[in-house]
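Visitor: To start, I am sharing the structure in question, which I have written as structure tokens.
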Amino acid sequence: MSYASHIIHHSKKLRNAPNLLRQEQALLVRFFSHDAQPSIDIRKAHRHSYVPSERARVCRSFSSTTKSLSGTFTRDVSTTMKLGNSISGSKSNKQLSCMQVQLRRGFSSDAALPPHQELGMPSLSPTMSEGNIARWLKKEGDKVSPGEVLCEVETDKATVEMESMEDGYLAKIVRGDGTQGIKVGEVIAITVEDEEDIAKFKDYTPSASGASAAPATASPEPTPPKKEVVVEPVTSPEPKPSAAAPSGDRIFASPLARKLAEEHKVPLSSIKGTGPDGSIVKADVEEYLASLGKEAPKAKGGAPAALALDYTDIPHSQIRKITASRLLLSKQTIPHYYLTVDTCVDRLMDLRGQLNALQEASGGKRLSVNDLVIKAAALALQKVPQCNSSWTDDHIRQFHNVNINVAVQTENGLFVPVVRDANKKGLSSIAEEVRQLAQKARENSLKPEDYEGGTFTVTNLGGPFGIKQFCAIINPPQSGILAVGSAEKRVVPSSGPEQYKFASFMSVTLSCDHRVIDGAIGAEWLKAFKGYIENPESMLL
């Protein structure tokens, strides 16, 4: 009945409903809400706030909590749409379905504050919950166009450029250069459409999130006053003197207890023993001294007082925090096991030398051992697809793409850019792509598409650092990571006339998620990988 009474009350204005439906469904919803003021003409509000060319932006910026030109009101969209549907049908639902966009159109009860747009911290990766502002590339007052870079945002993976979505002017930078710990969705800047509106946002501060989220129609019931409970202070009981032994009886005490009592001039008759047959031990004397407020002497030759340490506190970077949390999650939730194998790399090194000679003759870049390892790992994953999978609560997801993440250590932290479809690419393509991704990682300019979507990871501490063998932590949600050690010469039996010969061997360790990869499957993958390394010509077929 309440909606019917409102319709009858606004019957005169219903004559213009067909025209309004074709212009602004969002304003029509406000027109029929409980909080709309009958004295305000919706046509005037339309002229003051939007023009028909803004129709697309209205549906994006309209939200369930909106500030109108006449004041702030809050309305449940689902309830309001019941009335809107009876008038405009499914068209209103389609236009209001885009309300999830981060950009919001703001209205203020202050007539001096024009319509504006609040830019929130975007979510630039699936695991991002907060970000940092590295630097602003636009200044307050600058004109911005769609596609222009506004600022650089440091995410949990890399530093990403944030672009403008609309034409306008940057009126206010709420979060300046170097601001850290900004939650996703938190306002970082304000844009306006008209240049003359910039000065009106000089002292602007965004409203607290959720301040107007509560429905205006329902007022919370007053909570009953809490009864004050007077708590009496608890006083510690004074130590009661221990029951003294009878004067005529002999007092039994250990030599150490006697010595400690004599040093503190404490009569043994005042101490109650807890040792065998009521004898007094060292702990009884120390407890009695503690009850009197005296401190038992420290053992001779005890450790000296701790010396003051000189140190520097280094703040956590965003990449360091997310690396720590993900690796901790991996070790706590993924049942790791490790398989190690030694591979002979003599033929691999010979093939690499031949290919590098061809590359130099044609002006190409040299191939590294890691490029050949990436190719061998990708082909082994293609041969044993069970290792190219990840665990979910309902099923094991086996990937058809072989995307290899490559660990790259930089001054800013550890990055893992991805080489997509490595099983289908040639060695020179893999080498060039890894080189470009590593350079972008060192420059902290990786984009989300450069590191997302990997299915397996390769990390190499052998070539750069000479580490013989190590075990790596799985990069979730993947189920395997290959740790590559250094190559070293060994003396091995010879099948020729000589009894022994020298050969170069490289140790590799596969870390597996036992939920996804059984031991036999992991061993089968290592066997395939070793086959490609020891017979590298097969990778070229």
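Visitor: Is there any pair linking a residue in region 347-372 that is closer than 17 Å to I430 by Cα to one that is surrounded by fewer than 19 Cβ atoms within 10 Å (Cβ to Cβ) and among the acidic types (D, E), with Cβ under 9 Å and at least six apart or on different chains, and which?
Guide: Listed by first residue and then by second, the contacts come to L348/E534; L351/E537; G364/E432; K365/E432; R366/E360.
Visitor: Just the residues that are in a strand (DSSP E or B) and either farther than 12 Å from S445 by Cβ or touching a Phe, Trp or Tyr at 6+ places or on another chain (Cβ under 9 Å) (or both), please, taken from region 154-166.
Guide: M162, E163 - these are the residues of region 154-166 that are in a strand (DSSP E or B) and either farther than 12 Å from S445 by Cβ or touching a Phe, Trp or Tyr at 6+ places or on another chain (Cβ under 9 Å) (or both).
Visitor: So, one more: Could you tell me whether any residue of region 180-201 is part of a loop (DSSP other than H, G, I, E, B) and modelled with pLDDT under 50?
Guide: no
Visitor: Looking only at residues that are over 11 Å from I473 (Cα atoms) and either modelled with pLDDT under 95 or outside any helix (DSSP H, G or I) (or both) in region 333-350, which one is most open to solvent (accessible area, probe 1.4 Å)?
Guide: Step one: of region 333-350, the residues over 11 Å from I473 (Cα atoms) are 333, 339-350.
Adding the requirement that they be either modelled with pLDDT under 95 or outside any helix (DSSP H, G or I) (or both) leaves 339-345.
Numbers: L339: 42, T340: 80, V341: 31, D342: 56, T343: 0, C344: 35, V345: 4 Å².
Per the stated criteria, the residue is T340.
Visitor: Within region 350-361, does at least one residue satisfy the condition of being closer than 18 Å to F456 by Cα and out of contact with any Lys or Arg (no Cβ under 9 Å at 6 or more places or on another chain)?
Guide: No, every residue in region 350-361 fails to be closer than 18 Å to F456 by Cα and out of contact with any Lys or Arg (no Cβ under 9 Å at 6 or more places or on another chain).
Visitor: I'm trying to understand the selection: among the residues of region 409-439, which are of a type outside the set (A, V, I, L, M, F, W, C) and in contact (Cβ under 8 Å) with a residue 60 or more places away in the chain?
Guide: Hits for region 409-439 are N412, G413, S428, E432, R435.
Visitor: State whether one or more residues within region 390-410 are within 26 Å of the chain's Cα centre (by Cα), modelled with pLDDT of 95 or more, over 25 Å from L355 (Cβ atoms) and among the small types (G, A, S).
Guide: Checked against the condition, which is being within 26 Å of the chain's Cα centre (by Cα), modelled with pLDDT of 95 or more, over 25 Å from L355 (Cβ atoms) and among the small types (G, A, S), region 390-410 yields at least one hit.
Visitor: I'm told K265 meets every condition in (1) at pLDDT below 75; (2) on the phi > 0 side of the Ramachandran plot; (3) of a type in the set (K, R) except one. Can you identify the failing condition by its number?
Guide: Unmet condition: (1).
Visitor: Ok, one more. With the requirement that a residue be buried (at least 17 other Cβ atoms within 10 Å of the Cβ) and of a type in the set (G, A, S), what does region 519-530 give you?
Guide: Hits for region 519-530 are G522, A528.
The values are calculated or read from the model by the stated rules, or taken from the named source; none is laboratory data. All of these numbers come straight from a predicted model, not from anything done at the bench. Ideal geometry is used to build each Cβ from the backbone, glycine not excepted, and the neighbour counts take in all protein chains shown. These area figures cover heavy atoms from the full protein model, side chains too; ligands, DNA and RNA do not enter into them. Shrake-Rupley method; radii C 1.70, N 1.55, O 1.52, S 1.80 Å.
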